[in-house]
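To start, the structure under review is shown below, and the notes come after it.
The values are calculated or read from the model by the stated rules, or taken from the named source; none is laboratory data. None of these values were measured; they are calculated from a predicted model. So basically every Cβ, Gly included, is an ideal-geometry build from the backbone, and we count neighbours across all protein chains shown. Accessible surface is based on the protein model in full, side chains and every heavy atom, while ligands, DNA and RNA are left aside. Shrake-Rupley method; radii C 1.70, N 1.55, O 1.52, S 1.80 Å.
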Amino acid sequence: MVYFGPEKLSYIGKKLENILSSDKEKLLDFLNSYKEKLDVFHKHLILVTVSSDNDFALSAGFNPEGKFFYGISITSPFLKSPSLYKIKEYVNEEFEALYNTIFNKSTISKVQAGIIRFPLQTHFLAVGGEKSLVSKEMFSEEITGKPWLNFAKIIDNEAYEKIMNINGKKIGFLKMSLTDDGIYFFGIINDPHKNLYAEFFRFLKEKYKLPSGKYYPVMEIKDKVVGTFKLELEEIFSEEKWKILEKFIDDFEKFRRFVAQMGG
């Protein structure tokens, strides 16, 4: 077995393998029943995933040879690689309980079990399993230049905590949202001068050369958003980028105080 990711989560591999041990035969039977329908059969997995909306995912499963794979990812692997063959109403309360323990969840999470093919198109914060399986897929990613599983190699305890403190949290008036496309920052202002603030937000984006990125839906705060920009995932760990964000927020707050003094 190999493991890449924060040391504090190194225990989850054994737990997940034990949790799925009673279902292993059933899961592999389901996978093998579609052998004739799946192209490049050896690249497929039967995967069980627990996730919450706009939050992280915990996954584990087996390849056709019964080799074990597991990981924690930014989004559910099924999000960008929909499964044509799923086990309907799959239930595993121990799996859900482990997810809720790791992420301190009390809400109902979503459980999926289905056949999916490598590469799994989401960034993993922790990944492990049978060495021959995990190492092979990581090597394939290195060739294609897609760091899905390999992202876990740069995640230590400190990096993991930083990521946990980003998703859904705020820095100043900026709400942060972590996605596989990067970290999105939304300027949240509940003020009648929203258009004025939106113009100044655009000015600061240009000043600090912060890219807009593709549109990311935030319907619950849409009416309060004066602007958005994003950083690449790797920039989470750049002190220089966070200093730029602090300057951005400081400039914006100075402008807000100026507007208030002018009787705005």
Quiz item: Residues of the range 9-43 being part of a loop (DSSP other than H, G, I, E, B), open to solvent by less than 60 Å² (accessible area, probe 1.4 Å) and closer than 23 Å to Y99 by Cα, which ones?
Solution: S10, D23
Quiz item: L84 fails exactly one of the following numbered conditions: (1) more than 17 Å from D23 (Cα to Cα); (2) over 19 Å from the mean Cα position of the chain (by Cα); (3) buried (at least 19 other Cβ atoms within 10 Å of the Cβ). What is the number of that condition?
Solution: (3)
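Residue-wise test of (1) in contact with a Ser or Thr (Cβ under 7 Å, 6 or more places away or on another chain); (2) polar (S, T, N, Q).
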| residue | (1), (2) |
| --- | --- |
| K88 | no, no |
| N92 | no, yes |
| F95 | no, no |
| I116 | yes, no |
Self-check item: Residue ID - surrounded by the fewest Cβ atoms within 10 Å (Cβ to Cβ), chosen from residues in the range 170-220 that are among the basic types (K, R) and at pLDDT 90 or above
Solution: K209
Quiz item: Assuming L120 fulfils every condition listed in (1) assigned to a loop (DSSP other than H, G, I, E, B); (2) open to solvent by 30 Å² or more (accessible area, probe 1.4 Å); (3) not acidic (D, E) apart from one, which condition is it?
Solution: (2)
Exercise. Would you check which residues across the range 45-56 are touching a helix residue (DSSP H, G or I) at 6+ places or on another chain (Cβ under 7 Å) and either farther than 15 Å from I102 by Cα or crowded, with 24+ Cβ neighbours inside 10 Å (or both) and list them?
Key: I46, L47, V48, T49, V50
Quiz item: From the set of residues in the range 156-169 that are touching a residue at least 24 places away in the same chain (Cβ under 8 Å), part of a loop (DSSP other than H, G, I, E, B) and open to solvent by 10 Å² or more (accessible area, probe 1.4 Å), which is farthest from S10 (Cα to Cα)?
Solution: G168
Quiz item: Name the residues in the range 87-105 that are among the hydroxyl-bearing types (S, T, Y) and under 19 Å from the mean Cα position of the chain (by Cα), would you?
Solution: Y99, T101
Quiz item: Does K153 satisfy being surrounded by 13 or more Cβ atoms within 10 Å (Cβ to Cβ), touching a strand residue (DSSP E or B) at 6+ places or on another chain (Cβ under 8 Å), of a type in the set (D, E, K, R) and not assigned by the TED database to the domain that holds K37?
Solution: no
Self-check item: Test: K136 is on the phi < 0 side of the Ramachandran plot, free of Cβ contacts under 8 Å to residues at least 60 places away in the same chain, charged (D, E, K, R) and in the same structural domain as Y11 (by the TED database)
Solution: yes
